[in-house]
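Inspection log for the structure reproduced underneath, given as structure tokens.
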Amino acid sequence: MTYDDFSPEQQAMIDEIVSLLSPEKRFFVVTGAGMSAESGLPTYRGTGGLYNSGRTEQGLTIEQLLSGGTFRRDPELTWKYLGEIGRACEGKSCNRGHRVLAEMESAFADFCILTQNIDGFHLDAGSRNVIEIHGNLHGLRCDSCGFQKTVAAFSAIEIPPACDQCGGMLRPNVVLFDEMLPTVACERLSRQWQQGFDIVFSIGTSSNFQYIAEPVFRGAAAGCPTIEINPDRTHVSESCSHQFRAPASLVLDSIWQRYRDRQ
Ligand code: NAD
Ligand code: ZN
């Protein structure tokens, strides 16, 4: 799908967004599971969401299963779902949308991605200023002895994984629901906010977390363009100056092509 395949209204919105871009602009880009949907990774909620019906086979919500509390009580249960997510990533890779964002980083004065995704695809695509606020699924650690390792393929390891050093159970370097956000990532986020931004993108996230919705609210309050790309409406839609109801990679690719054609 290219620019020509969008409706006249959508083409007009792409052109309007392109007209907002210029090299001195500072971007703050928030991404969620929808960013990786076109890589073949299912989202939790919204379009194509795995858990739109609310409950998993255990009768718990996905937030309960993937919580720090459940992990402490029944780590095997949480690991069953983490292992499934890990296996779902196998053979998948970053898509055109991730690559467009990586290319954009070198074309503008400042370009920060705040992602909730734990798949590592933004870094794989070549983006450098990425805050992985929920961590990265491929990093495992032992909270007993401090051992760490990286896992490329979850199908190749036993679930739950055992620590190579002390035999205890490893956990992934991700933030489970109800756990604190990593300090280093929070510090980077607050430094980035202090630097300020001119344009906010909110891409493929249901924006359930306050710190994910916040950039849109701050941008809107400051009169910045706030652009949502998501097939569905979300909590932040009303605060967005531009709402693009279409898949992320197609929209980003068209915006980027039109911008470069204009240069
Ligand atoms: P979410 O599942 O709650 O919401 C996904 C959003 O993406 C929905 O609003 C949906 O309409 C939208 N969407 C679906 N297809 C899209 C597309 N092609 N283009 C643009 N948008 C599309 O995800 P979330 O808001 O990121 O929050 C859920 C939590 O789940 C996060 O903590 C995240 O860490 C985790 N998660 C991560 C991954 C991943 O790493 N790829 C996948 C699933 C869930
Ligand atoms: Zn250990």
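Throughout, read-outs are computed from the coordinates displayed, never taken from laboratory work. Here the structure is a predicted model, which is why all the values come from computation and not from measurement. With ideal geometry, Cβ positions are generated from the backbone for all residues, glycine too; neighbour counts draw on all protein chains shown.
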In region 131-164, anything within 24 Å of the chain's Cα centre (by Cα), part of a strand (DSSP E or B) and among the aliphatic types (A, V, I, L, M) is listed as 131, 137, 140
key: Any chance residue 212 is of a type outside the set (Lys, Arg) and in contact (Cβ under 8 Å) with a residue 40 or more places away in the chain   = yes
Selection from region 141-186 of residues closer than 20 Å to residue 70 by Cα and within 16 Å of ligand 1 (Cβ to nearest atom) yields 171, 172, 173, 174, 175, 176, 177, 178, 179, 180, 181, 182
Exactly one of 76, 90, 84, 63 is near ligand 1 (Cβ under 10 Å from one of its atoms), within 29 Å of residue 162 (Cα to Cα) and of a type in the set (D, E, K, R), and that one is 63
Checked region 18-76 for anything among the β-branched types (Val, Ile, Thr) and farther than 30 Å from residue 252 by Cβ; matches are 56, 61, 70
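To keep it simple, each residue is scored yes or no on (1) of a type outside the set (D, E, K, R); (2) crowded, with 22+ Cβ neighbours inside 10 Å.
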residue: 219; (1), (2): yes, yes
residue: 227; (1), (2): yes, yes
residue: 230; (1), (2): yes, yes
residue: 233; (1), (2): no, no
residue: 239; (1), (2): yes, no
residue: 251; (1), (2): yes, yes
residue: 254; (1), (2): yes, yes
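Conditions tested, residue by residue: (1) away from ligand 2 (no atom under 16 Å from the Cβ); (2) outside any loop (DSSP other than H, G, I, E, B); (3) in contact with a strand residue (DSSP E or B) (Cβ under 9 Å, 6 or more places away or on another chain).
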site	(1), (2), (3)
166	no, no, no
172	no, yes, yes
180	yes, no, no
187	yes, yes, no
202	yes, yes, yes
207	yes, no, yes
218	yes, yes, yes
223	yes, no, no
259	yes, yes, no
